Amino acid sequence: MKRSLVYLASGVLLVLFFLSSGDVLAQGRGKGKNKNKNKDKEYVKEYKSEYKSKHKQQGPPPWAPAHGYRAKTRYVYFKDYDVYYDHERGVYITLSGKGWQVEAKLPDVLEKVNLPAAVKVDIDFDGLDPQKLHKEHLKLYPKGS
């Protein structure tokens, strides 16, 4: 008796399994299968163009030489203006009345300067705070020389 109940329960479970999986197996077949294919392509195309416009690649700053220039050092020091530029983070480190300021935009002190012609010194420093060595930089690279 127990055996027949086990067989019966197994059979019922097997039938229920096949009935429930039939809908899943039938998906993607029949009429209208590809009706959303073009909509999907349009969506992907639109998403890619929107993503590209929002996430434009950041290149070198406008004052850096073009055509294959690769920075060999992390920092550029504008000695006449007490400003450092960090190539890795893309930020300017500026000496102001309050101390050292870090900002992503071009500092006010450099706005009217012809940056490609400005005197720049490559600083061989790998830390996050090149301004800690500012007194040494002032001695090594005096302003106006």
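The numbers here are math on the coordinates, done by the rules we state, and not lab data. Computed from a prediction, not measured in an experiment: that's the story for all the values here. As a convention, Cβ positions derive from the backbone with ideal geometry for all residues, glycine included, and neighbour counts pool all protein chains shown.
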**OP:** All but one of (1) within 29 Å of the chain's Cα centre (by Cα); (2) in contact (Cβ under 8 Å) with a residue 40 or more places away in the chain; (3) loosely packed, with under 15 Cβ neighbours inside 10 Å hold for Tyr84, so report the exception by its number.
**Re:** (3)
Original post:
Is there any pair with a first residue in segment 124-138 that is crowded, with 16+ Cβ neighbours inside 10 Å and a second that is among the β-branched types (Val, Ile, Thr) and in a loop (DSSP other than H, G, I, E, B) whose Cβ atoms are under 9 Å apart and which are 6 or more apart or on different chains, and what are they?
Top reply: Phe125/Thr73
